[in-house]
Amino acid sequence: MSEDAFSEQPISSRVVTGLAKISLALKTQAWKEAGQQGLTPTQGQILTLLAQKGDRRLGEIAEALGITPATASDAVKVLVAKGLVVKNRGPGDARAVSLSLTPEGRSEAQRTALWPDFLLAAVESLEPEEQQVFLRGLVKMIAALQEKGYIAPVRMCVTCTFFRPNVHPGTARPHHCAFVDAAFGDGDLQLECADHQPAPLEQARRAL
């Protein structure tokens, strides 16, 4: 390989290639695990979502997973038929239908939530400092994708009104959470926080 060949492909393109390979591994593993449990990956994602977020309407599920309402509806019909999900009618409004897990569905959701765990060993092969850099990069990428509408809003530190980035410079914990009034570092950045309060996306661009 010539020396020039190393610079022919931008590093950003190589990062995308690597992410695509990881995505393929995730899809392959999801189909493998789903097949063993008699589900599709989409049905498994719906169970996990309901377990994490509680009752949701069909439109909310479709938006959160980035799928069409028709696809979500088809998946939910199967889950209802399997006794894993139940439809709840809103009081005084029969059209206000929310979806929740049955006890069997909650048990199944606990298993589907473990599908991505095969990646843990790969992530843990990184040094702690590498994991922090990787996490920081993922947060910035997710924020950029969210801003462009490619993924549903994520309850991350950098998109939260309580987040105070880099207010403790020169320390191991440069950021501050106004909700708990505590400093924290890049390794503590959250991708899904129950106390999240949305802030303008302009904040996310400036945060890290």
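Can you tell me which residues in the range 34-64 are outside any helix (DSSP H, G or I) and either of a type in the set (Val, Ile, Thr) or more than 17 Å from the chain's Cα centre (by Cα) (or both)? Correct list: Gly38, Leu39, Thr40, Asp55, Arg57.
The numbered conditions (1) closer than 26 Å to Ile61 by Cβ; (2) in contact (Cβ under 8 Å) with a residue 24 or more places away in the chain are all true for Gly185 except (1).
No other residue among Gly187, Gly170 is small (Gly, Ala, Ser), assigned to a loop (DSSP other than H, G, I, E, B) and either over 14 Å from the mean Cα position of the chain (by Cα) or surrounded by 14 or more Cβ atoms within 10 Å (Cβ to Cβ) (or both) apart from Gly170. Selection of the range 115-140 for residues being surrounded by fewer than 11 Cβ atoms within 10 Å (Cβ to Cβ) and either modelled with pLDDT under 90 or in a helix (DSSP H, G or I) (or both) yields Asp117, Leu120, Ala121, Ala122, Glu124, Pro128, Glu129.
In this entry, Gly35 is excluded by the filter for residues that are closer than 18 Å to Ser98 by Cα, surrounded by fewer than 18 Cβ atoms within 10 Å (Cβ to Cβ) and of a type in the set (Gly, Ala, Ser). Here Ser100 meets each of (1) in a strand (DSSP E or B); (2) at positive phi with one exception, condition (2). Of the set (1) over 21 Å from Gln146 (Cα atoms); (2) crowded, with 18+ Cβ neighbours inside 10 Å, all apply to Arg89 but (2).
Of all residues assigned to the range 128-142, none qualifies as being aromatic (Phe, Trp, Tyr), touching a residue at least 12 places away in the same chain (Cβ under 8 Å) and not assigned by TED's automatic domain parsing to the domain that holds Thr48. Being within 26 Å of Leu191 (Cα to Cα) and assigned to a helix (DSSP H, G or I) is not true of Ile67.
Take the residues in the range 159-171 that are touching a strand residue (DSSP E or B) at 6+ places or on another chain (Cβ under 9 Å) and not hydroxyl-bearing (Ser, Thr, Tyr), then tell me which one is farthest from Glu63 (Cα to Cα). Among residues in the range 159-171 that are touching a strand residue (DSSP E or B) at 6+ places or on another chain (Cβ under 9 Å) and not hydroxyl-bearing (Ser, Thr, Tyr), the one farthest from Glu63 (Cα to Cα) is His168.
The values are calculated or read from the model by the stated rules, or taken from the named source; none is laboratory data. Source: prediction; values computed, not measured. Cβ: placed from backbone, ideal geometry, glycine included. Neighbour counts: every protein chain shown.
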